[in-house]
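The values are calculated or read from the model by the stated rules, or taken from the named source; none is laboratory data. The model shown is predicted, which means the values in this text are computed figures rather than measured ones. Neighbour counts are summed over all protein chains in view; Cβ atoms, including those assigned to glycine, are modelled from backbone coordinates with ideal geometry. Remember, those area values only see protein heavy atoms, side chains included, never the ligands or the DNA or RNA. Shrake-Rupley method; radii C 1.70, N 1.55, O 1.52, S 1.80 Å.
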Amino acid sequence: MNRVVCNASPLIYLAKANRVGLLKKVFREVLIPTAVYEEVVIEGKRLKERDAYRIERGIEEEWIIVEHVKNAFPLEIEIHPGEAEVISLAKEKGIETVLIDDAKARVVCETVGLRPIGTLGVMLRAVKDHMLS
């Protein structure tokens, strides 16, 4: 896996555990839509959350890339706006794998032909590839 589109919760959970760098090791490039950026960095910094600064560092180092969604992908089920943008961005960029934890959003991903992986899946992959013990 080289590229992935990521939702807020995997970023937040891994950053809180000071393991956001696992994403850089497992994936070459992590794309996030602007709604996710606003949720994890802008709102996180407003709340003085350390994880927001860890995520922002990944953006500054250019392995986390913030992308604006040009066209919203039509969804039949209502989900969180950040999750909807993750799906739209993945479809727009032709990226099959998305990092998303919410069960309802994962079902929506599967119905539109995407492959959802959660935070735990990233950690298991890191263990399997000897990046984490």
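Observations
- Just one of the listed residues (T111, T97) is under 13 Å from the mean Cα position of the chain (by Cα) and among the polar types (S, T, N, Q), namely T97.
- Residue match in the range 103-111 (condition: touching a strand residue (DSSP E or B) at 6+ places or on another chain (Cβ under 9 Å), hydroxyl-bearing (S, T, Y) and either part of a helix (DSSP H, G or I) or open to solvent by less than 50 Å² (accessible area, probe 1.4 Å) (or both)): no
- Which listed residue, of L124, L132, is in contact with a helix residue (DSSP H, G or I) (Cβ under 6 Å, 6 or more places away or on another chain) and either closer than 20 Å to L22 by Cα or open to solvent by less than 70 Å² (accessible area, probe 1.4 Å) (or both): L132
- For the range 8-25, the set of residues classified as in contact with a strand residue (DSSP E or B) (Cβ under 8 Å, 6 or more places away or on another chain) and either open to solvent by 10 Å² or more (accessible area, probe 1.4 Å) or part of a strand (DSSP E or B) (or both) consists of K24 only.
- Among (1) within 15 Å of I12 (Cα to Cα); (2) among the basic types (K, R); (3) outside any helix (DSSP H, G or I), the one test that K70 misses: (1)
- Some residue of the range 36-53 being aromatic (F, W, Y) and at pLDDT below 95: no
- In the range 73-89, the residues that are open to solvent by 90 Å² or more (accessible area, probe 1.4 Å) and of a type in the set (G, A, S): none
- Breaking point among (1) part of a loop (DSSP other than H, G, I, E, B); (2) farther than 18 Å from V122 by Cβ, for K45: (1)
- Checklist (1) crowded, with 22+ Cβ neighbours inside 10 Å; (2) under 11 Å from the mean Cα position of the chain (by Cα) applied to G44, failing item: (2)
- Some residue of the range 55-65 being open to solvent by less than 20 Å² (accessible area, probe 1.4 Å) and either part of a helix (DSSP H, G or I) or closer than 17 Å to A105 by Cβ (or both): yes
- Within the range 73-88, the set of residues being closer than 16 Å to V107 by Cβ and assigned to a helix (DSSP H, G or I) comprises E83, A84, V86, I87.
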